[in-house]
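Before any comments, here is the structure.
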Amino acid sequence: MNMNYRDWLQQLIYKIINPLIRGMIKMGITPNFITTTGFLLNVLAAGLLVYAGLYDADLAYLGWAGGVILFAGLFDMMDGRLARLGNMSSAFGALYDSVLDRYSELVTFFGICYFLFMKGYLIASVIAFVALIGSLMVSYVRARAEGLGIECKVGFMQRPERVVLTSLGTLFCGIFSHITLFDPIWILLLPLIMIAVLANITAFVRINHCRVVMMKREREDAR
């Protein structure tokens with residue numbers, strides 16, 4: 001069976017982290033603990049962004065925030081893997097993971113929006129907010145579809161892509177904060193534009209996918 005790039009990359013990461021996961025199982029660490037840790041790391045990243053927005057702080061704080069967001073994304077992968085390998089999967093665990101994922105995106109984008117707004121990048125802060133809307137709607141449409149019994153994983157800009165773009169944009173904005181050829185905030189803004197556009201497109205692609213599936217079901221029921 002052919003694997004797409006996401007499946008291939010996921011399997012590669014699993015091979016790397018599996019020894020760590022098995023060590024966690026032996027230590028008695030639970031998936032919910034990993035989920036909570038990942039969320040708290042995102043809160044820390046948001047705090048760094050808010051601090052950088054409040055004070056005349058160096059853009060290097062954005063780099064630190066981006067590194068923390070990227071590290072937190074690893075925890076987002078580990079909790080599910082830990083649940084499966086450790087036979088600790090539960091309905092509540094799945095719910096808890098999904099809810100904290102949404103909270104993580106909310107606090108992260110809040111930090112980015114706040115920083116951009118406080119530094120006078122009003123249009124950029126609006127773009128970040130539109131990216132947040134798209135991110136939440138991608139997840140909401142999938143959750144609503146699955147509640148109706150429809151599998152809905154279509155579209156490009158899913159959570160892993162959003163986390164990578166957000167974290168790397170923030171990270172490299174901080175690393176290259178002293179360049180003079182152009183405003184380094186563009187290093188953060190370009191990934192945000194990609195998320196704002198592609199996440200909202202993905203949400204509508206998922207809506208259309210559900211429409212097609214529902215129409216097919218209706219035709220089959222009418223026979």
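The values are calculated or read from the model by the stated rules, or taken from the named source; none is laboratory data. Only a predicted model underlies this, so the values are computations on that prediction, with no experimental measurement involved. Using ideal geometry, Cβ is built from the backbone for each residue, glycine included, and neighbour counts are taken over all protein chains shown. Keep in mind that these areas ignore ligands, DNA and RNA; they rest on the heavy atoms of the full protein, side chains included. Shrake-Rupley method; radii C 1.70, N 1.55, O 1.52, S 1.80 Å.
Observations, loosely collected:
- Of the residues in segment 103-122, at least one is part of a helix (DSSP H, G or I), over 20 Å from TRP186 (Cβ atoms) and of a type in the set (A, V, I, L, M).
- In segment 164-196, residue most open to solvent (accessible area, probe 1.4 Å) [restricted to those that are of a type in the set (A, V, I, L, M, F, W, C) and free of Cβ contacts under 8 Å to residues at least 12 places away in the same chain]: LEU181
- Residue match in segment 133-144 (condition: over 16 Å from the mean Cα position of the chain (by Cα) and more than 19 Å from GLU105 (Cα to Cα)): no
- Among residues of segment 83-97 being modelled with pLDDT under 90 and closer than 20 Å to ASN42 by Cα, the one that is surrounded by the fewest Cβ atoms within 10 Å (Cβ to Cβ) is ALA94.
- Screening ASN87 against (1) on the phi > 0 side of the Ramachandran plot; (2) part of a helix (DSSP H, G or I) leaves a single unmet condition, (2).
- Check on TYR96, part of a helix (DSSP H, G or I) and in contact with a Phe, Trp or Tyr (Cβ under 8 Å, 6 or more places away or on another chain): no
- When LEU54 is tested against (1) touching a residue at least 24 places away in the same chain (Cβ under 8 Å); (2) under 30 Å from ILE185 (Cβ atoms); (3) surrounded by 15 or more Cβ atoms within 10 Å (Cβ to Cβ); (4) not polar (S, T, N, Q), only condition (3) is not met.
- Filtered residues of segment 110-127 (kept if among the hydrophobic types (A, V, I, L, M, F, W, C), within 17 Å of LEU54 (Cβ to Cβ) and crowded, with 16+ Cβ neighbours inside 10 Å): PHE110, ILE112, CYS113, PHE115, LEU116, PHE117
- Lone qualifier among ILE17, ILE69 - being surrounded by fewer than 20 Cβ atoms within 10 Å (Cβ to Cβ) and either outside any loop (DSSP other than H, G, I, E, B) or among the small types (Gly, Ala, Ser) (or both): ILE17
- Among the residues listed as THR166, THR180, the single one being of a type in the set (Val, Ile, Thr) and part of a helix (DSSP H, G or I): THR166
- Applying a threshold of 7 Å to beta carbon distances and a minimum spacing of six or more residues, or different chains, the list of pairs starting in segment 134-147 at a residue that is in contact (Cβ under 8 Å) with a residue 24 or more places away in the chain and ending at one that is surrounded by 20 or more Cβ atoms within 10 Å (Cβ to Cβ) and among the β-branched types (Val, Ile, Thr) reads GLY134/ILE195; SER135/ILE195; VAL138/THR202.
- Residues located in segment 128-163, provided they are part of a helix (DSSP H, G or I), open to solvent by less than 40 Å² (accessible area, probe 1.4 Å) and under 30 Å from VAL213 (Cα atoms): ALA131, LEU132, GLY134, SER135, VAL138, SER139, VAL141, ALA145, ARG159, GLU161, ARG162, VAL163
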